[in-house]
Amino acid sequence: MKIRRSVIFAFAILVAGIAVAKFAAKSGQANNGKKMTLHVTLLDGGCDGEYMYLKDVGTQAVLDSALVKDSKATFVHEGGIDKFYVVDIRTNTIGYRGCVVAENCELTLSLSSREMGVAKGSPLNQEIQDYEKETNSLRKEMRSMTPEQREVAYAQLMKKTRQLYNKHTNDAVGAYALMAGELLESSNPQEIQEVIAIMGPNIKNMVPIKEFVTMLDAKGRTAEGSKFVDFEGSDEQGNALKLSQFVGKGNYVLVDMWASWCGPCRREIPNLLQLYRKYHDKGLTILGVFVWDKLENLKPAKEKEGILWQQLIDSNETATKLYGVNGIPQIILFAPDGTIVKRDLRGKKMLEEVDKVMDNFMPKKP
């Protein structure tokens, strides 16, 4: 159960940095009734002379830019209730981000550097405003709740999100519920399929949604009980290295997909070291799969953490795509015949699961 906001949404609204072209700002153009005019105010200042970008979440395209002056910027652009836009600006010292259902009318967006903003000035944007006000209050209360209380409150939060989505299965408000409301991430498999089944084409064709559905399909093909899916990367010297060189060879294999920048990944390394020392000579292989990171970061991380097992470098994101991974660490236990025993192993659960299978795997002393 998660209290954090959506990983999908965080990924979906990333705007390319130095590669982004600076489009001509349209500040001051008249609204002819067929365009969206978005007036943005930066409440904490600090960005005058910088460009703010307008991005289409659905296509992942940067649509426009506007120069910030006196902590304000204006965009005039094509709107429509099926269009879900974000604005983004970031300097070395401060950053702002906000979202908008791009209705063809005058909209305002007041942004704080401390939180995501939502546009005002239209019925659909107001629905998101109301949803955010209600759910943010609940999220804050959840911080001081017991685990049992949080489970109940989280179910209420997801119910409110589902209600919002059910009203807007083919417009930008529904897309917001899916992504910012983490509806796809938090539901069980049956609920996810129910959400997808009623999804209209405007949402279904949005790039982040298409990528997430593809990820779910891959995760289904590599669910517990399935045979492993092979992939190829390289070792630290650049030589080709395949998963099948380790998995399906008669040993249990624990595969750890990780990155040097990932705090939770590095916190699992002591647990992996414990299992390595306990079972390495008794039929357990551990393989690190280094993902979403630069090769130059691997050696320092290995030395600092004392990693003793081989690493497969997944520079093309093949492993994470084939196994439907959208968050790391992803630790998977494979049986001696290559069957996937368990996914999403962490901490005590991982130690107990490996202890159990190795106790049955190792020959008993007479």
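Since every read-out is calculated from the coordinates, none of them should be taken as a lab result. The model shown is predicted, which means the values in this text are computed figures rather than measured ones. Methodologically, a virtual Cβ is constructed for each residue, glycine included, from the backbone with ideal geometry; neighbour enumeration extends over all protein chains shown.
Around the Cα centre of region 116-238, unit charges on the Cβ atoms of Lys, Arg, Asp and Glu (plus for the first two, minus for the last two) sum to a dipole of about 580 debye.
Here the scattering of region 109-222 is modelled by Debye summation over its C-alpha atoms, one equal scatterer each and no solvent; at q = 0.12, 0.21 Å⁻¹ the log10 of I(q)/I(0) is -0.48, -1.22.
In a solvent-free Debye calculation with one equal scatterer on each Cα, what is log10 I(q)/I(0) for region 264-358 at q = 0.11 Å⁻¹, listed in the order of the q values? Debye output, listed in q order: -0.32.
Restricting attention to the chain, close to 65% of DSSP beta bridges with both partner residues there are antiparallel. Taking Cα centre as origin and charging only the Cβ of basic (Lys, Arg, +1) and acidic (Asp, Glu, -1) residues, the dipole magnitude of the chain rounds to 580 debye. Given R₀ = 41 Å, FRET efficiency for ASP235-GLU352 by Cβ-Cβ distance, to 0.05? Calculated value: 0.85. At q = 0.14, 0.15, 0.19, 0.21 Å⁻¹, what is the log10 ratio I(q)/I(0) for region 143-286, with the Debye formula run over Cα points and no solvent? Summing over Cα pairs of region 143-286 leads to -0.94, -1.00, -1.15, -1.24. Using a 4.7 Å Cβ-Cβ cutoff, the cysteines of the chain lacking any partner cysteine are CYS47, CYS99, CYS105. Largest first, the extents of the alpha carbon coordinates of region 35-169 on the three principal axes equal 49, 34, 24 Å. Radius of gyration (Cα atoms) of region 204-313, expressed as a multiple of 2.2 N^0.38 Å: 1.19. Full extension of the chain between LYS34 and GLU78 yields a length gain of 15.1 nm, computed as 0.36 nm times the residue separation minus the alpha carbon distance. Taking trypsin sites (Lys or Arg not before Pro) across region 84-118, the ones in a DSSP loop with at most 10 further Cβ atoms lying within 10 angstrom of their Cβ are ARG114. Among the listed pairs LYS210/LYS304; LYS249/LYS321; LYS35/LYS140, those whose Cα-Cα separation exceeds 30 Å are LYS210/LYS304; LYS35/LYS140. Taking 0.36 nm per residue of sequence separation and removing the Cα-Cα distance, the LYS140/CYS105 pair yields an extension gain of 9.3 nm. Per-residue extension of 0.36 nm, minus the Cα-Cα distance of ASP130 and GLU50, leaves a gain of 25.7 nm for this segment. Among ARG221, ARG343, ARG277, the residue with the largest mean-square fluctuation in a Gaussian network model of the chain, with springs joining Cα atoms closer than 10 Å, is ARG277. Straight-line cross-link reach from LYS83 at under 13 Å between alpha-carbon atoms covers these aspartates and glutamates, not counting any fewer than eight positions away in the same chain: ASP56, GLU103, ASP171. In the structure shown, the pairs LYS219/LYS342; LYS69/LYS133; LYS34/LYS133; LYS282/LYS348; LYS159/LYS204 are assessed against 18 Å; a Cα-Cα span above that value is assigned to LYS69/LYS133; LYS34/LYS133; LYS282/LYS348; LYS159/LYS204. Legend: Rg and Dmax of the chain, from Cα coordinates, 23.7, 88 Å. Relative contact order of region 113-193: 21 percent, from C-alpha pairs under 8 Å at least 6 residues apart in sequence. Loop-only GluC sites (Glu not before Pro) in region 217-309, please: DSSP not H, G, I, E or B, and at most 16 other Cβ atoms within 10 Å. Passing sites in region 217-309 are GLU224, GLU236.
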